[in-house]
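Comments concern the structure below.
Read-outs: derived from the displayed coordinates by stated rules, not from any lab. Every value quoted in this text rests on a predicted model; they were computed, and no experiment measured them. All Cβ positions, even for glycine, are placed from backbone atoms using ideal geometry, and neighbour counts span all protein chains on display.
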């Protein structure tokens, strides 16, 4: 649980810093282009990179939040508490496996793209893609943590994972 709080704090700080940088860069680009007719060559590429990173880290942050993603629970609410817990177990297990597999595939893709260089900033394209396996592995960790919590001693009967 302590590790989860550090991950959430790190994700919040990273999202805030990256989004702030994105806003500043885009604002600078607009001002320089329209008021001084002197656009920055690198701003579009950097803004795209920051947007990708903020998006994936933001999704991961929501996954780690206590509230989780919004969902429609019409069918689940009609199940008994015991069957709701069973369904949550199956879905959490499926998420854990799927997210881990997605992390492995995206990690391999990131490594394959390391030799390609971005046209303006001259950084490896793997930097752009590295956030995908990072997010997948963090969400996979959270799903595995939820699975462990599902089987922890003292859990009330019918209660799902946290």
Over its Cα atoms, what ratio of radius of gyration to 2.2 N^0.38 Å does segment 8-69 give? 1.37
Each label point is 7 Å from the Cα along the Cα-to-Cβ direction; what then is the distance between the points at residue 65 and residue 94, in nm? 2.4
Between residue 51 and residue 36, what is 0.36 nm times their sequence separation minus the Cα-Cα distance? Round to one decimal in nm. 2.9 nm
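What list do you get for 110, 73 if you sort them by fewest beta carbons within 10 Å? The partial results should precede the final answer.
Working: 110 20, 73 10.
Ordered by Cβ neighbours within 10 Å, fewest first: 73, 110.
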For helix 81-112, report the angle its Cα long axis makes with the longest principal axis of the Cα atoms of the chain; keep it between 0 and 90° and round to the nearest 10°. 30
Taking just the alpha-carbon atoms of the chain, what radius of gyration and Dmax come out, in angstrom? 20.3, 67
Using the per-residue mean of other Cβ atoms lying within 10 Å as a proxy for protection, in what order, highest first, do the peptides 23-36, 91-104 fall? 91-104, 23-36
Working from Cα positions, state the angle (0 to 90°, nearest 10) between the long axis of helix 131-150 and the longest principal axis of the chain. 20
At R0 = 22 Å, FRET efficiency that the Cβ-Cβ distance of residue 104 and residue 147 yields, to 0.05: 0.75
Cα-projected label distance for residue 87 with residue 17, points at 7 Å along beta-carbon direction, nm: 4.1
In whole percent, what relative contact order does segment 2-150 give with Cα contacts below 8 Å and a gap of six or more residues? 25
Checked segment 59-106 with the C-alpha gyration tensor, a ≥ b ≥ c its square-rooted eigenvalues, rounded below a/c of 1.5, otherwise prolate if a/b is larger than b/c and oblate if not; verdict oblate
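Taking neighbour Cβ counts within 10 Å as the exposure measure, how do 89, 121, 61 sort from fewest upward? Don't skip to the end; give the middle numbers.
Numbers: 89 16, 121 13, 61 19.
Fewest-to-most ranking of 89, 121, 61: 121, 89, 61.
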Restricting to Cα pairs under 8 Å and 6 or more apart, the percent relative contact order of segment 8-85 works out to 35
Quick check: convex hull of the Cα atoms in segment 74-152, volume per residue, rounded to a whole Å³? 101
